[in-house]
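Structure record follows, encoded as structure tokens.
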Amino acid sequence: MGFTLDKVVPWGRSYDEYIRMFGLTEGDLVLHILGCGDGPAAFNSALSKRGGNVVSVDPIYVFDTAQIRSRVSDTYEAVMTQMRKNKNDYVWGRAIPSVEQPGNVRMSAMEIFLADFETGKQEGRYIAGELPSLPFKSGQFDIALSSHFLFLYSAHLSAEFHLQALQEMLRVAREVRVFPLLALDSTPSSHLDFVSKHLENHGFGVEVKRVPYEFQRGGNEMLAIKPVYNPVFERDCAKVRSPSI
């Protein structure tokens, strides 16, 4: 059976949240960015309006605006009920002062997405697809981002799935950033050590970095992955590529 919208709980993050979740700098924002599992986030729309170069991939993009909007409406109150029930699991402060505020932030982000969705699809900025198999060429992007999917659903997705997903993101981008590193129960993901060691053993630098964002209590770190630069290897490759004199 194919992907169905009734399995999805759309919950979009804002442009500002993306900046803080992934520690994105002005230099990062001029690069070619891929968002994996972006759903109804505002990041693509907002960055594109600022002249950025970003593509989002998510299985919900196979549906149209009206269908996605309807699903947002159907699931919104259930999500807010769970948040009120588990309010002690979140950090309340100046950015999000009360339990009702996240709903306002999320709905604003999703409205920005919905207003941009059809245009973005026509421009190739929203593409239907999902990990661990992406419809892109190797090395097509500079940075690939994954928000609130990998590690968060560790109880539902195996360590092997996480590894395959990260390897696929590293195939299409020269750097990968994942946020958060906690599971849904706010404990550190049991898959983090497994995938980190595997990637390190295969030539990647893996670093846990603190970011200026925390809403899920304890969720203020991202995983950053990129190939380790080996000057000896690069020198040897250059010799092979250079014609002999």
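The values are calculated or read from the model by the stated rules, or taken from the named source; none is laboratory data. Predicted model, so just to flag it, every value in this text is computed and none were measured. So basically every Cβ, Gly included, is an ideal-geometry build from the backbone, and we count neighbours across all protein chains shown. Accessible surface is based on the protein model in full, side chains and every heavy atom, while ligands, DNA and RNA are left aside. Shrake-Rupley method; radii C 1.70, N 1.55, O 1.52, S 1.80 Å.
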| note | Among the residues of the stretch 175-194, the number that are over 15 Å from S146 (Cβ atoms) and either open to solvent by less than 50 Å² (accessible area, probe 1.4 Å) or assigned to a strand (DSSP E or B) (or both) is 2
| Taking the stretch 128-143 on its own, how many of its residues are open to solvent by 20 Å² or more (accessible area, probe 1.4 Å) and part of a strand (DSSP E or B)? | 3
| So which of I33, I60 is buried (at least 17 other Cβ atoms within 10 Å of the Cβ), β-branched (V, I, T) and not in a helix (DSSP H, G or I)? | I33
| task | Please go through the stretch 212-230 and pick out each residue that is open to solvent by 40 Å² or more (accessible area, probe 1.4 Å) and of a type in the set (V, I, T). | result | V228
| said: Take the residues in the stretch 19-30 that are touching a residue at least 40 places away in the same chain (Cβ under 8 Å) and either in a loop (DSSP other than H, G, I, E, B) or in contact with a helix residue (DSSP H, G or I) (Cβ under 6 Å, 6 or more places away or on another chain) (or both); name whichever of them is most open to solvent (accessible area, probe 1.4 Å). | reply: G23
| request: Working only within the stretch 195-245, note down all residues that are among the charged types (D, E, K, R) and either in a helix (DSSP H, G or I) or at pLDDT below 95 (or both). | output: K197, E200, E214, R217, E234, R235, D236, K239, R241
| Selection from the stretch 110-147 of residues that are small (G, A, S) and under 16 Å from D58 (Cα atoms) | G120, G124, A128, G129, S133, A144, S146, S147
| query | Which one is nearest to Y126 (Cα to Cα), of the residues in the stretch 53-72 that are within 16 Å of the chain's Cα centre (by Cα) and of a type in the set (S, T, N, Q)? | reply | S56
| query | Filter the stretch 195-211 for residues that are in contact (Cβ under 8 Å) with a residue 12 or more places away in the chain and either more than 28 Å from K137 (Cβ to Cβ) or open to solvent by less than 10 Å² (accessible area, probe 1.4 Å) (or both); which is farthest from the chain's Cα centre (by Cα)? | reply | L199
| Taking V178 and the conditions (1) within 20 Å of G23 (Cα to Cα); (2) at pLDDT below 95, which numbered condition does it fall short on, given that it satisfies the others? | (2)
| request: Determine which member of the set R84, R50, R71, R94 is open to solvent by less than 60 Å² (accessible area, probe 1.4 Å) and basic (K, R). | output: R71
| remark: Of the residues in the stretch 105-127 that are open to solvent by less than 30 Å² (accessible area, probe 1.4 Å), modelled with pLDDT of 95 or more and in a helix (DSSP H, G or I), the one that is farthest from L34 (Cα to Cα) is L114
| Just checking, which of S158, S146 is open to solvent by 20 Å² or more (accessible area, probe 1.4 Å), at pLDDT 95 or above and polar (S, T, N, Q)? | S158
| message | Every residue in the stretch 75-104 that is touching a helix residue (DSSP H, G or I) at 6+ places or on another chain (Cβ under 6 Å) and not in a loop (DSSP other than H, G, I, E, B), please. | response | M80, G103
